[in-house]
Amino acid sequence: MAIEGERLPDHELTGSDGAPLRLAGFVGKPLVLYFYPKDDTTGCTREAQDFTALMPEFEAAGVQVLGVSKDTPASHVKFTKKYDLTVPLASDADGALIEALGAWVEKSMYGRRFMGIERSTFLFRADGTLARAWRKVKVAGHAAEVLAAARAL
């Protein structure tokens, strides 16, 4: 479980283009990492659309944003095209980063227990330290709340 003040783990993800994406490359500017369960599902689509709508404001504030799930790069490309998303997405296929930040949790649905991604967001300062974490995120208004927190850094 990530704790405020801890450093951004230097994991390697896979970008939507299939290229390796090393998190160390993001240090130097504030970074929002948001984790979501699955491409093209209702809540995940709304969240990606909300971050997309605010991308110009995140960029103007000098803040990088990256959405992460275990979906494949091909799934991210399809999802991005279907909804005209501009927020960058990355794949954490082995779940190493998801687990490192404590977003891989036990869930239950209809009495069945299973492991899955908890919708969570992490805001890292430009020096790579965790400034704030949101867990069990409710989508409505979340992207705007994250933008406000990022601007306050």
* For segment 87-153, report the convex hull volume of the alpha-carbon atoms normalised per residue, in Å³, without decimals. => 116 Å³
* Structure fact -> Normalised per residue, the volume inside the convex hull of the alpha-carbon atoms of the chain in Å³ amounts to 103 Å³
* Give the Rg/Rh ratio for segment 75-120, taking Rg as the radius of gyration of the Cα atoms and Rh as the Kirkwood radius, to two decimals. => 1.08
* Under a point spin-label approximation (7 Å from Cα along Cα-to-Cβ), what is the residue 53-residue 3 distance to one decimal in nm? -> 3.7 nm
* To do: Give the share of C-alpha pairs in each 5 angstrom bin for segment 1-48, from 0 to the last occupied bin, in whole percents, shortest bins first.
  => 4, 16, 19, 23, 21, 14, 3
* Asked: Measuring from label point to label point, each 7 Å out along Cα→Cβ, what is the residue 81 to residue 134 span in nm?
  -> 3.0 nm
* To do: Give the cross-link partners of residue 107 among the lysines, using a straight C-alpha distance below 19 Å as the criterion and excluding same-chain residues fewer than 8 apart.
  => 38, 70, 136, 138
* Asked: Under a 1.4 Å probe, what is the accessible area of segment 21-153 per residue, stated in Å²?
  -> 47 Å²
* Asked: Rounded to a whole number, what % of the accessible area of segment 30-141 do carbon and sulfur atoms account for, probe 1.4 Å?
  -> 54 percent
* Structure fact -> So for segment 7-80, using the alpha carbon gyration tensor with a ≥ b ≥ c as root eigenvalues (a/c under 1.5 gives rounded; past that, a/b versus b/c decides prolate or oblate), I'd call it oblate
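The values are calculated or read from the model by the stated rules, or taken from the named source; none is laboratory data. None of these values were measured; they are calculated from a predicted model. Please note: Cβ atoms are built from the backbone with ideal geometry, for glycine as well, and neighbour counts cover all protein chains shown. When the accessible area is computed, the model is the full protein with side chains, heavy atoms only, and any ligands, DNA or RNA have been set aside. Shrake-Rupley method; radii C 1.70, N 1.55, O 1.52, S 1.80 Å.
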